[in-house]
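Since the structure comes first, as structure tokens, the remarks are kept for the end.
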Amino acid sequence: MTHADAAAALSVWVALESPTSHPAGVNGMMDLVAKEVAGLPIAVERIAGRDGLGDMVMLRAGLDNGQPAVAVMSHLDTVHPVGTSSKDLPVRIEGDRLYGPGVYDMKGGAWLALQAFKDVARAGSAKRPMMFLFTPDEEIGSPTSRGLIEEIGRGSAAVLVTEPARQGGRIVTARKGVGRFEVRLEGRPAHSGSRHADGRSAIREAAHQILAIEAMTDYARGITTSVALIGGGTAANVIPQHAWFSVDCRVTTLADGAMMEQRILGLKAHDPEVTIRITGGMNRPPYEKSAAVAELFETARDVAAGIGLDLQDCPMTGGGSDGNFTAALGVPTLDGLGIDGDGAHTLQEYALISSIAPRRALMKGLLETI
């Protein structure tokens, strides 16, 4: 397949917009996967979506020899709302760059890995069973797919995740854990002119809590906290009865995750007449570079060397992925095996067309070697 053919085929996937909240688009992507493998020695299982989200598709191929499988995982949901490709980020090729919503995170990786999976299935060259799970909800924390991801992980010799490559083609062998919390506050409303002293401001309380939470950031330990969504109030002349905000927390170790969860959930109101309710917790455990992950990385380096690539990994990255779930179970996991490029979650998102062939060859080699 030429660079132009690959770019054209991938462009079809990118043009079908599939934000997590648009199950029709996500299911359209699942249809494209099923269509790709029709007539090949690949079994297809479609798992109906739930909770208003899209379906999952599971592919199985390779030897049925009772060995643990090698599992590939990709998500087909994106963060860009429907209409992005017709306005702010049109699907287009400029030199070696293919632009479009989700092309880098992570339709490019999903597409090239599927081509490798098809190659190995056709050739019958795998040493063990192969599985490929396509999920609809990674961008919101994998609420409906996590159980299946972990179930597959437990039965696998290795998990290969096709999130995008980093820093010029580096793969990922460690990720921070991710916590998400919702904080809701209730004060007492009053007229802000005539009865100001009678009020208890939920927004003022939120301000105290936000400063306390942001102050928990400790760069030396790799702990970050941020409040990026906030709301509250009733009217401009009313002491606010209600306020809410959400918290994002990232940690490098399981112990720090437990500690931060306890600290955030244990926050007390600054004003005892304002009530505070905090929900949530750590939703992705840290993915640490264990000895098993390091060994799998060396296997990948050997495979890459055989196709002329000097494969490197990057330091622990702050973003989470479904690889966090399988790595936390002790399953050797490699991530960042997808396409190279930049601009995830932005309106300048692009993939490098020249990276498709070598990354596809790397995935094929891993499926045949592990």
Name the pairs whose Cβ atoms lie under 7 Å apart, with the first residue in segment 339-350 and over 16 Å from SER18 (Cα atoms), the second open to solvent by 80 Å² or more (accessible area, probe 1.4 Å) and in a strand (DSSP E or B), and 6 or more positions between them or separate chains?
TYR350/ARG97; TYR350/ASP342
From the residues in segment 27-45 that are in a strand (DSSP E or B) and out of contact with any helix residue (DSSP H, G or I) (no Cβ under 7 Å at 6 or more places or on another chain), which one is most open to solvent (accessible area, probe 1.4 Å)?
GLU45
Taking PRO68, is it modelled with pLDDT of 95 or more, touching a Gly at 6+ places or on another chain (Cβ under 8 Å), within 29 Å of GLY365 (Cβ to Cβ) and surrounded by fewer than 19 Cβ atoms within 10 Å (Cβ to Cβ)?
yes
When you go through PRO129, PRO136 one by one, which is the residue that is farther than 23 Å from LEU367 by Cβ, of a type outside the set (D, E, K, R) and either open to solvent by less than 10 Å² (accessible area, probe 1.4 Å) or more than 21 Å from the chain's Cα centre (by Cα) (or both)?
PRO136
Based on this model, can you work out whether ILE356 counts as in contact with a Ser or Thr (Cβ under 8 Å, 6 or more places away or on another chain) and open to solvent by less than 50 Å² (accessible area, probe 1.4 Å)?
no
Exactly one of (1) farther than 20 Å from GLU163 by Cα; (2) not in a loop (DSSP other than H, G, I, E, B) is unmet by ASP88. Its number?
(2)
Determine, yes or no, whether LEU334 is within 30 Å of ALA206 (Cα to Cα) and either surrounded by 16 or more Cβ atoms within 10 Å (Cβ to Cβ) or modelled with pLDDT of 95 or more (or both).
no
Subset of segment 239-260 [surrounded by 18 or more Cβ atoms within 10 Å (Cβ to Cβ) and under 21 Å from PRO286 (Cβ atoms)]
VAL247, CYS249, ARG250, VAL251, THR252, ASP256, GLY257, MET260
Among the candidates ILE203, ILE213, residue that is among the hydrophobic types (A, V, I, L, M, F, W, C), open to solvent by less than 20 Å² (accessible area, probe 1.4 Å) and over 30 Å from GLU298 (Cα atoms)
ILE213
Do the conditions hold for ILE339, that is, is it touching a helix residue (DSSP H, G or I) at 6+ places or on another chain (Cβ under 6 Å) and part of a strand (DSSP E or B)?
no
Find all pairs meeting these conditions: Cβ atoms under 9 angstrom apart; at least six residues apart or on different chains; first residue within segment 8-21 and on the phi < 0 side of the Ramachandran plot and open to solvent by 20 Å² or more (accessible area, probe 1.4 Å); second residue among the charged types (D, E, K, R) and modelled with pLDDT under 95.
none
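Rundown of residues vs (1) of a type outside the set (Val, Ile, Thr); (2) closer than 21 Å to GLU182 by Cα, yes/no style:
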residue	(1), (2)
LYS268	yes, yes
GLU273	yes, yes
ILE276	no, yes
ARG284	yes, yes
SER290	yes, no
VAL293	no, no
GLN312	yes, no
PRO315	yes, no
Taking into account only those residues within segment 107-123 that are hydrophobic (A, V, I, L, M, F, W, C) and open to solvent by less than 10 Å² (accessible area, probe 1.4 Å), which is farthest from HIS3 (Cα to Cα)?
VAL120
Residue pairs meeting the criteria (Cβ under 7 Å; at least 6 apart or on separate chains; first farther than 21 Å from LEU112 by Cβ, in segment 122-148; second assigned to a helix (DSSP H, G or I)):
SER142/ILE149; ARG146/PHE325
Segment 223-238: number of residues that are out of contact with any Pro (no Cβ under 8 Å at 6 or more places or on another chain) and surrounded by fewer than 16 Cβ atoms within 10 Å (Cβ to Cβ):
8
Does segment 91-106 include one or more residues that are at pLDDT 95 or above, open to solvent by less than 10 Å² (accessible area, probe 1.4 Å), in a helix (DSSP H, G or I) and touching a Pro at 6+ places or on another chain (Cβ under 8 Å)?
yes
Test: residue in segment 19-26 that is among the aliphatic types (A, V, I, L, M), over 14 Å from PHE132 (Cβ atoms) and assigned to a strand (DSSP E or B)
no
Identify all residues within segment 46-60 that are open to solvent by less than 80 Å² (accessible area, probe 1.4 Å) and either outside any loop (DSSP other than H, G, I, E, B) or in contact (Cβ under 8 Å) with a residue 60 or more places away in the chain (or both); write none if there are none.
ILE47, GLY49, LEU53, GLY54, ASP55, MET56, VAL57, MET58, LEU59
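The values are calculated or read from the model by the stated rules, or taken from the named source; none is laboratory data. Everything numeric in this text was worked out from a predicted model, so none of it was measured. Here Cβ is always computed from backbone atoms with ideal geometry, including for glycine, and neighbour counts include all displayed protein chains. Ligands, DNA and RNA are stripped out before the accessible areas are found, and what is left, the full protein with its side chains, is counted by its heavy atoms. Shrake-Rupley method; radii C 1.70, N 1.55, O 1.52, S 1.80 Å.
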